[in-house]
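Taking it in order: structure first as structure tokens, then the write-up.
The values are calculated or read from the model by the stated rules, or taken from the named source; none is laboratory data. Model, not experiment: these values are computed from the prediction. Neighbour counts run over all protein chains shown; Cβ positions are idealised from the backbone, glycine included.
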Amino acid sequence: MIGRAVLSRGAKLAAAASVRRGAVGASLTAHHGAATQMISAREFSAFMDAYDEHVEERKAEDIVPRPLNAEQMSDLVEQLKNPEKGEEERLVELLESRVPPGVDEAAYVKASFLTAVAKGETESPLVDRKHAAKLLGTMQGGYNVAPLIELLDDEELGQIAADALKHTLLVFDAFHDVEDKAKAGNAMAKEVIESWAKAEWFLKKEKVPEKITVTIFMVPGETNTDDLSPAPDAWSRPDIPLHAKAMLKNPREGIDDAMKQIAELKEKGFPLAYCGDVVGTGSSRKSAINSVLWHMGDDIPFVPNKRTGGVVLGGKIAPIFFNTAEDSGALPIEMDVDKLKMGSVVDIYPYDGVVKDHESGEEITTFKLASDVLFDEVQAGGRIPLIIGRGLTAKACESLGKEPSDVFRVPGKIEPKEDQGYTLAQKMVGKACGLDGVLPHNYCEPIMTTVGSQDTTGPMTRDELKDLACLGFQSDLVMQSFCHTAAYPKPVDVVTHHTLPDFIRNRGGVSLRPGDGIIHSWLNRMLLPDTVGTGGDSHTRFPLGISFPAGSGLVAFAAATGSMPLSMPESVRVRFHGEMQPGITLRDLVHAIPYQAIQDGHLTVAKQGKKNIFSGRILEIEGLPNLKCEQAFELSDASAERSAAGCTIELNEEPIIEYLKSNIVLLQWMIAEGYGDARTIERRIGKMEDWIANPVLLRADKNAEYAATIDIDLNEIKEPVVCCPNDPDDAKLLSEVQGDKIDEVFIGSCMTNVGHFRAAGKLLSQQEGEVPTRLWIAPPTKMDESTLSDEGYYSTFGTSGARLEMPGCSLCMGNQARVKENSTVVSTSTRNFPNRLGKGANVYLASAELAAVSAIFGYLPTPEEYLKKHEFLQKDADDTYRYMNFNEMDDYVAKAQGSK
């Protein structure tokens, strides 16, 4: 571990994010009085009748009921005060196990009722004072903490409250209230502090067993997160049991009816282990692991509709999916899975690194865990509880004047060799940790300066924030977008559009609006150079600084505490040299990276025995220092398709200064337009201005070490490079696939900017009438849309017969409009996994320029045909690839000046 200060800093940041005792404790009993006014017997019956109906509806779908909401919890309180005969046991069960923990609205009602009972301010024949105090202790943190601390002074309930607090981790700055009581002589409080220092909260949990017997649920080939959490079902992701029914709903090799196969395998009497050649590539959605664990994990006591534990086995496990498994308390293990078959029962010996046949005891394969700390993570119930708990134990030890605890496994620290330098990424992460650099495999908790959340994972991040008892963000800037659902919202999305903005702003975050456009195109405008961040979308890949995309749980943790756990990845360097050739675009350079890696033997397309030098490593790109930041993002964005952990791009100061000056005006315009939280936006503007006044960038050391270096000669790239159906790793030259008939063309996604649409428009203007393909146009932001409309390009698109989409993700996400079944498509989207853009679709990834030419011809052109068309763009390339500098756009400048 890199210094013990790391944990104390994480604990301090978490502390600042929490609920002050006075603010909550004083309001709980008052709320109880307001929320539990007299309800008639008819209303009692109406509540139970409605709930019974809901239970039956869910039972018909073979899923458990949803957790109680605040209104239902208020009705339940009245039932508990005056229970109907025969309903007593059921009412108590609802109270105990059907209310979400943390700072959920229903948890507030529950905590206020239990507090009132425990303090003797109200009564229930079903819940006495002791029972109420015990139930407060099951709520994990948030609204229950202040009442429990107050009960430490209660002669009858003090011990119950103390026992509850010993195993409550989400106390944050309420720690100081317990500490003050202990110092004032409260024996119960002292007992709590001592228990935290001993890490009893951890030691009393079950350890990972010596042997784990599982039945293998084998999914051959590559499983991406869209297989586990399909985009068309994104609306149901917060409802874990319902969403889990969509897991693997599209038949594939070895899977014809996943739900039936899972049920049949469970009849063998052992837990299931998810297994595949390559597991969890693609998006960062935590809903993917949520679905796996719903079928293969364990219930969490007193927490409805979430599960933990479980085992995931893979020849390769994608880094973000690996992390979400860690966060959820699962045990992810990379191993050779060739001999593991669907339905076989095996014994996993995690400490010995061996897998044996359950019946014969014959050794099947061996493995080595990524880190022994995994044992602690599983025991603690996940990586996040472990981090918070370790911080709590560290604070308690410090309070008592004791040496730091030695209970937990500590990752080894890698010391630099003599004369070893740091890569750019290692320096950026080091800066965020207060160090010169962080070498690979070292554990750290860098400051998260910028955090992004989008709308299909946002509701899950919201729920995770509630579970973390977060009422205020400690990350410097947290931004929420609505780009994935705005164009074709379902009723549940409309609710999210109306409720999530206030949730984010009330915690000091910045909320965009439906129709504004894609998260990355906006979040990039809020970045600070050489800083570290994260986001709940796998394409949160900063062109400035570095980001480590994550699932909703880790994103919530980063937003709430301002830091994030990281085992520093190794780096792969990609060096460009030479001159770009005519007709070659930045998108071709994006695809040249996997193309060259295949030629060098670093990457294979086949999934069995998959080789991918980029997987889990940081992609560090050099040789293009004068790119505009919009161009740089094309390269960093596509590092997601490489399964890279993150990406850095070496840029000069000039394009960054230009970008920040533009972005300052945009942020000022946002304030004038009523976007909030205004204080957060103003703070970010000030930091941008500070950097411009002293524009210093980190640079990689010449003696830094890399896992591999891939050199790409721009002089040798003389024709477009595409990624073939349906794998973003399958990069080929255009000449290898020329002539393939194209049915539909999509120009849009975060991989595009205003220049791409101008180029497409100018190419399309050479075509008379409508193109022979179905053409989709979806600009990334409303600013792009407005600019293109003002410049007349929307007229060109219309004349070409294009379908004009609202700014946002559109086809790229796959949860909104879809291409026709079994069509062949050229797309500028980020990835082309099977069934993502449309059922049975075969999708080529290409530049906007090649996409436009393909739309005109109705087939993939020859290189000669493409280059001839592209010559038209050379005449005024500077005008075509002119980016939006808001400080030079009169409307934005005038509005921005009004915000000062």
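Considering the stretch 190-205, and only residues there that are part of a loop (DSSP other than H, G, I, E, B) and in contact with a helix residue (DSSP H, G or I) (Cβ under 7 Å, 6 or more places away or on another chain), the residue that is surrounded by the fewest Cβ atoms within 10 Å (Cβ to Cβ) turns out to be Lys205. Screening Gly120 on (1) more than 32 Å from the chain's Cα centre (by Cα); (2) surrounded by fewer than 18 Cβ atoms within 10 Å (Cβ to Cβ); (3) at negative phi shows it passes everything except condition (3). One residue is enough: does the stretch 49-63 have a residue meeting the conditions closer than 26 Å to Ala246 by Cβ and surrounded by 17 or more Cβ atoms within 10 Å (Cβ to Cβ)? Yes: one or more hits. Working only within the stretch 334-357, note down all residues that are surrounded by 19 or more Cβ atoms within 10 Å (Cβ to Cβ) and farther than 23 Å from Lys611 by Cβ. Across the stretch 334-357, the qualifying residues are Val346, Ile348, Pro350.
Conditions tested, residue by residue: (1) at pLDDT below 95; (2) more than 30 Å from Phe557 (Cα to Cα).
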site	(1), (2)
Ala60	no, yes
Val77	no, yes
Gly102	yes, no
Pro125	no, yes
Gly137	no, no
Asn144	no, no
Leu148	no, no
Leu157	no, yes
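Those residues that are aliphatic (A, V, I, L, M) and either part of a strand (DSSP E or B) or surrounded by 21 or more Cβ atoms within 10 Å (Cβ to Cβ) (or both), I need them from the stretch 215-246; list them, please. Once the filter is applied, which keeps residues that are aliphatic (A, V, I, L, M) and either part of a strand (DSSP E or B) or surrounded by 21 or more Cβ atoms within 10 Å (Cβ to Cβ) (or both), the stretch 215-246 yields Ile216, Met218, Val219, Leu228, Ala231, Ala234, Ile240, Ala244, Ala246.
Listed conditions (1) within 29 Å of the chain's Cα centre (by Cα); (2) under 30 Å from Lys339 (Cα atoms) are all met by Asn144, apart from (2). Examine the stretch 672-694 for a residue that is hydroxyl-bearing (Ser, Thr, Tyr) and within 30 Å of Gln474 (Cβ to Cβ), and state whether such a residue exists. Yes: one or more hits.
Look at the stretch 284-312: where a residue is under 18 Å from Glu334 (Cα atoms) and a partner is acidic (Asp, Glu) and surrounded by fewer than 22 Cβ atoms within 10 Å (Cβ to Cβ), sitting 6+ places away or on another chain with Cβ atoms under 9 Å, you get Gly309/Asp298; Gly310/Asp298.
Across the stretch 343-372, the number of residues qualifying as touching a Gly at 6+ places or on another chain (Cβ under 6 Å) and either among the hydrophobic types (A, V, I, L, M, F, W, C) or without any contact (Cβ under 8 Å) to a residue 24 or more places away in the chain (or both) comes to 2.
Evaluated against (1) in contact with a Pro (Cβ under 8 Å, 6 or more places away or on another chain); (2) closer than 19 Å to Gly545 by Cα, Met448 falls short on exactly one condition, (1). Within the stretch 508-537, the set of residues being in a strand (DSSP E or B), over 26 Å from Gly430 (Cβ atoms) and not β-branched (Val, Ile, Thr) comprises Ser511, Gly517. Which is assigned to a helix (DSSP H, G or I) and touching a residue at least 12 places away in the same chain (Cβ under 8 Å), of Leu624, Leu651, Leu635, Leu619? Of the residues listed, the single one that is assigned to a helix (DSSP H, G or I) and touching a residue at least 12 places away in the same chain (Cβ under 8 Å) is Leu635.
Using the structure shown, decide if Asp711 is assigned to a loop (DSSP other than H, G, I, E, B), at pLDDT 95 or above, touching a Phe, Trp or Tyr at 6+ places or on another chain (Cβ under 9 Å) and acidic (Asp, Glu). Considered against the rule, which asks whether it is assigned to a loop (DSSP other than H, G, I, E, B), at pLDDT 95 or above, touching a Phe, Trp or Tyr at 6+ places or on another chain (Cβ under 9 Å) and acidic (Asp, Glu), Asp711 comes out as no.
If I filter the stretch 510-521 down to residues being in contact with a Leu (Cβ under 9 Å, 6 or more places away or on another chain) and either buried (at least 24 other Cβ atoms within 10 Å of the Cβ) or at pLDDT below 95 (or both), which single residue comes out as nearest to Phe482 (Cα to Cα)?
Result: Ile519.
Scanning the stretch 427-470 for residues being among the aliphatic types (A, V, I, L, M) and within 17 Å of Ser571 (Cα to Cα) gives a total of 4. For the stretch 647-679, enumerate the residues that are surrounded by fewer than 16 Cβ atoms within 10 Å (Cβ to Cβ) and among the basic types (Lys, Arg). The one that is surrounded by fewer than 16 Cβ atoms within 10 Å (Cβ to Cβ) and among the basic types (Lys, Arg): Arg679.
Screening Tyr892 against (1) assigned to a loop (DSSP other than H, G, I, E, B); (2) among the hydroxyl-bearing types (Ser, Thr, Tyr); (3) within 30 Å of Ile671 (Cβ to Cβ) leaves a single unmet condition, (1).
As a summary of the residue check, Lys81 satisfies the conditions (1) buried (at least 22 other Cβ atoms within 10 Å of the Cβ); (2) farther than 20 Å from Leu468 by Cα; (3) of a type in the set (Lys, Arg) except for the one numbered (1). Within the stretch 379-410, track down each residue that is assigned to a loop (DSSP other than H, G, I, E, B) and among the small types (Gly, Ala, Ser). Correct list: Gly381, Gly382, Gly401, Ser405. Only residues that are crowded, with 20+ Cβ neighbours inside 10 Å, of a type in the set (Lys, Arg) and not in a strand (DSSP E or B) were counted across the stretch 562-616, and they come to 2. Any idea how many residues of the stretch 671-708 are of a type outside the set (D, E, K, R), touching a residue at least 12 places away in the same chain (Cβ under 8 Å) and part of a helix (DSSP H, G or I)? Of the residues in the stretch 671-708, 8 are of a type outside the set (D, E, K, R), touching a residue at least 12 places away in the same chain (Cβ under 8 Å) and part of a helix (DSSP H, G or I). When residues in the stretch 84-100 are screened for being buried (at least 23 other Cβ atoms within 10 Å of the Cβ) and not hydrophobic (A, V, I, L, M, F, W, C), 1 of them pass. Selection of the stretch 522-559 for residues being touching an Asp or Glu at 6+ places or on another chain (Cβ under 6 Å) and charged (D, E, K, R) yields only Arg541.
Residues in the stretch 251-283 that are more than 16 Å from Lys341 (Cα to Cα), of a type in the set (Gly, Ala, Ser) and free of Cβ contacts under 8 Å to residues at least 60 places away in the same chain: Ala263, Gly269, Gly280. For the stretch 237-290, the set of residues classified as among the charged types (D, E, K, R) and in contact with a helix residue (DSSP H, G or I) (Cβ under 6 Å, 6 or more places away or on another chain) consists of Arg237, Arg285, Lys286, listed by residue number.
Filtering the stretch 333-368 to residues that are assigned to a strand (DSSP E or B) and over 30 Å from the mean Cα position of the chain (by Cα) leaves Val345, Val346, Asp347, Tyr349, Val354, Val355, Lys356, Asp357, Glu363, Ile364, Thr365, Thr366. Just checking, does the stretch 788-809 include any residue being free of Cβ contacts under 8 Å to residues at least 24 places away in the same chain, touching a strand residue (DSSP E or B) at 6+ places or on another chain (Cβ under 9 Å) and in a helix (DSSP H, G or I)? Yes: the stretch 788-809 contains one or more residues that are free of Cβ contacts under 8 Å to residues at least 24 places away in the same chain, touching a strand residue (DSSP E or B) at 6+ places or on another chain (Cβ under 9 Å) and in a helix (DSSP H, G or I).
Within the stretch 871-889, being part of a loop (DSSP other than H, G, I, E, B) and of a type in the set (A, V, I, L, M, F, W, C) holds for Met884, Met889.
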